[in-house]
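Colleague: One structure, pasted below without further comment.
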Amino acid sequence: MINSPSLTEKVLIIGAGIGGLSTAIILAKLGFDVTVLEKNSQPGGLMRSYTRNGIECAVGVHYLGSLDKGQILRTFFDYMGVTEAIPVTRMGQNGIIDRYIFDAHTSHQSIFDMPQGINAYTENLRRSFPLEQEQIAKLLAPIHKAAEQLHGLDFLYATDDGFSLSDHFEPLGKILADLQCSPGLQSVLSIPSCWIGVPLHDCPAYYHNMALASYVSSSWRLDRNGSQMADVFAARLKELGGKIITGAEISRINVQSRVVRGLQLQSGENLDASTVIGAVHPKIVLQMLAMGDVKPSYRQRISNLQDTHGIFSVHVQIDGERHPEIPYNIFKIDTDKTGKVPDLKYYQIRKSERKGLNVLSILTSGKDELWAPWVKTKSGRRGKEYLGLKEQHAWQLIEEAEQMFGPFKGAKILDAYTPLTIRDWVNSPAGSAYGVLRSSRQMLATALLNRTAVKGLYLAGQNVTAPGIIGTIMGSFSTVKLILGADGFKKMIQL
């Protein structure tokens, strides 16, 4: 533990999702006096699953990437001291980590299996698209480079001149078009941009390559569930001397002369601190600041940010004997004749906590227009009409899934949630699933989100660097680097 006086000052973190908890663990390990404040009754945010009819329903953790030794997430978990407490099973042992099923009306490739490993992925592309060897070689070279730089932690330790992972912000859609890729190849390569909620035509190649490299390097499923993972993070923080206060709604961030002084809770209690970290959406942090606390230009930049779309999800109890666990993820993908992907559906069939029963999880686009009449309502108070529409939409998705998996006799809906559910649960504006849209058009606006112009006020979470478990924890380390300074970070954190 560091004894420097500057590291014993109090740090308050708003939000106990994976961004808030991972940032807190890193700082607590260094000796900071850290307290995380969470508005909900339990920490974990979207990492935490929930139970219906004795079955765990996943929310934000359906799979993990890069947990092999020497890979980025394993390095993060090892540093935080959580690896051994989160049991996982490697995916792809049958040769598949994802199966892409494209709609039948297209003339191009109807099924593509993603294997584990960039080399195996490259070979599958070459076999599937034999006439596009040159394009595949040009597209895969930067993905190999992204993997090397990602696992080498270049984003943290390289100098500005030596780190080029973020240099390539040209939209992937333009690159594919310039290379004259076929609609089939375009549609296969566009799926990782869907994982992070960015349209292909506006998705920086850097983000696409990072997402793909991190997942295909190695892929894993939790042996238990998201709640257990959230509990491990919370327990590790407490073991390091950190504190978590649940049921703590923040009224405002206290600022004097553009210097942070602490927080005020809705109860009226004031908590003093020289460092405050908002591990929630930047727009929510902005709402906690008085008009004069930040520059008008910063307020306008944050307010005008475009966010990613919301999602609709349904969890279904199914017969485990008729429908055994499938050890890979399935994507049913709608495409047009040019290879663009206007929509997709994600399916996962896993064993449940109840003998003889499995759980089918379906995720798809949120369809905000369906839920528009209830935008001004809160969860639990939306009425029978809303619940009825939610159930109707869920059954439509289940019936569509039966076309691939066969009849789900005796199926029972465990739960379904809409973008409004996510909005209310984790304070995500409009129920955005992946936070700020990391698009090519927004690169300048999102590049310096952490430069709040308030001394001692920082941001963390998926909005700082990138969405997903890896992107969020990358953001946590980046925020800690800002707090410590580049030299201090290199001296104090050895990954």
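Colleague: Of everything in segment 109-125, what is in contact with a strand residue (DSSP E or B) (Cβ under 9 Å, 6 or more places away or on another chain) and open to solvent by 50 Å² or more (accessible area, probe 1.4 Å)? Give them in sequence order.
Modeller: Listed by number, the residues that qualify are Gln109, Ser110, Ile111, Gln116.
Table: residues versus (1) of a type outside the set (Val, Ile, Thr); (2) open to solvent by 20 Å² or more (accessible area, probe 1.4 Å); (3) in contact (Cβ under 8 Å) with a residue 40 or more places away in the chain.
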residue: Phe408; (1), (2), (3): yes, no, yes
residue: Thr418; (1), (2), (3): no, no, yes
residue: Asp424; (1), (2), (3): yes, yes, yes
residue: Ala433; (1), (2), (3): yes, no, yes
residue: Thr446; (1), (2), (3): no, no, yes
residue: Thr452; (1), (2), (3): no, no, yes
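Colleague: Yes or no: Val341 open to solvent by 60 Å² or more (accessible area, probe 1.4 Å) and within 28 Å of Pro199 (Cβ to Cβ)?
Modeller: Criteria not met by Val341.
Colleague: How many of the residues in segment 260-312 are touching a residue at least 24 places away in the same chain (Cβ under 8 Å) and either part of a helix (DSSP H, G or I) or under 20 Å from Ala445 (Cα atoms) (or both)?
Modeller: The total comes to 22.
Colleague: Kindly indicate whether Ser22 is closer than 22 Å to Ser432 by Cα, outside any loop (DSSP other than H, G, I, E, B) and of a type in the set (S, T, N, Q).
Modeller: yes
Colleague: For segment 355-369, give me each residue that is assigned to a loop (DSSP other than H, G, I, E, B) and surrounded by 14 or more Cβ atoms within 10 Å (Cβ to Cβ).
Modeller: Correct list: Gly366, Lys367.
Colleague: For segment 238-259, enumerate the residues that are aliphatic (A, V, I, L, M) and part of a loop (DSSP other than H, G, I, E, B).
Modeller: Leu240, Ala248
Colleague: Additional query: It is to be established whether one or more residues within segment 271-285 are within 22 Å of Thr83 (Cα to Cα) and crowded, with 21+ Cβ neighbours inside 10 Å.
Modeller: The answer is no; no qualifying residue exists.
Colleague: Looking only at segment 418-453, filter to residues that are aliphatic (A, V, I, L, M) and on the phi > 0 side of the Ramachandran plot; which one of those is farthest from the chain's Cα centre (by Cα)?
Modeller: My answer is Ala453.
Colleague: So Arg322 clears everything in (1) assigned to a strand (DSSP E or B); (2) open to solvent by 60 Å² or more (accessible area, probe 1.4 Å); (3) not aromatic (Phe, Trp, Tyr) except one condition, right? Which one?
Modeller: It is condition (1) that Arg322 fails.
Colleague: Does segment 370-382 hold any residues that are over 16 Å from Pro429 (Cα atoms) and open to solvent by less than 40 Å² (accessible area, probe 1.4 Å), and which are they?
Modeller: Answer for segment 370-382, where residues must be over 16 Å from Pro429 (Cα atoms) and open to solvent by less than 40 Å² (accessible area, probe 1.4 Å): just Arg382.
Colleague: Oh, and also: On the basis of being farther than 26 Å from Ile86 by Cβ, touching a residue at least 12 places away in the same chain (Cβ under 8 Å) and either open to solvent by 10 Å² or more (accessible area, probe 1.4 Å) or out of contact with any helix residue (DSSP H, G or I) (no Cβ under 9 Å at 6 or more places or on another chain) (or both), does Ile245 make the cut?
Modeller: no
Colleague: So, one more: Test Lys412 against the criterion of being of a type in the set (Lys, Arg), in contact with a strand residue (DSSP E or B) (Cβ under 8 Å, 6 or more places away or on another chain), more than 20 Å from Pro467 (Cβ to Cβ) and open to solvent by less than 70 Å² (accessible area, probe 1.4 Å), and give yes or no.
Modeller: It is false that Lys412 is of a type in the set (Lys, Arg), in contact with a strand residue (DSSP E or B) (Cβ under 8 Å, 6 or more places away or on another chain), more than 20 Å from Pro467 (Cβ to Cβ) and open to solvent by less than 70 Å² (accessible area, probe 1.4 Å).
Colleague: Test Lys138 against the stated conditions and say whether it is more than 23 Å from the chain's Cα centre (by Cα) and modelled with pLDDT of 95 or more.
Modeller: It is true that Lys138 is more than 23 Å from the chain's Cα centre (by Cα) and modelled with pLDDT of 95 or more.
Colleague: Mind listing just one residue for me: the one in segment 286-302 that is at pLDDT below 95 and small (Gly, Ala, Ser) and, of those, most open to solvent (accessible area, probe 1.4 Å)?
Modeller: Checked segment 286-302; the qualifying residue most open to solvent (accessible area, probe 1.4 Å) is Ser297.
Colleague: Which of the residues belonging to segment 220-237 are assigned to a loop (DSSP other than H, G, I, E, B) and open to solvent by less than 20 Å² (accessible area, probe 1.4 Å)?
Modeller: Answer for segment 220-237, where residues must be assigned to a loop (DSSP other than H, G, I, E, B) and open to solvent by less than 20 Å² (accessible area, probe 1.4 Å): there is none.
Colleague: Okay, next question. Touching a Gly at 6+ places or on another chain (Cβ under 6 Å) and among the β-branched types (Val, Ile, Thr), is that true of Val464?
Modeller: yes
Colleague: Quick one: how many residues across segment 167-191 are free of Cβ contacts under 8 Å to residues at least 40 places away in the same chain, among the hydrophobic types (A, V, I, L, M, F, W, C) and open to solvent by 30 Å² or more (accessible area, probe 1.4 Å)?
Modeller: 1
The values are calculated or read from the model by the stated rules, or taken from the named source; none is laboratory data. All values reported here derive from a predicted model rather than from experimental measurement. Cβ: placed from backbone, ideal geometry, glycine included. Neighbour counts: every protein chain shown. Surface areas here come from the heavy atoms of the whole protein model, side chains and all, with no ligands, DNA or RNA. Shrake-Rupley method; radii C 1.70, N 1.55, O 1.52, S 1.80 Å.
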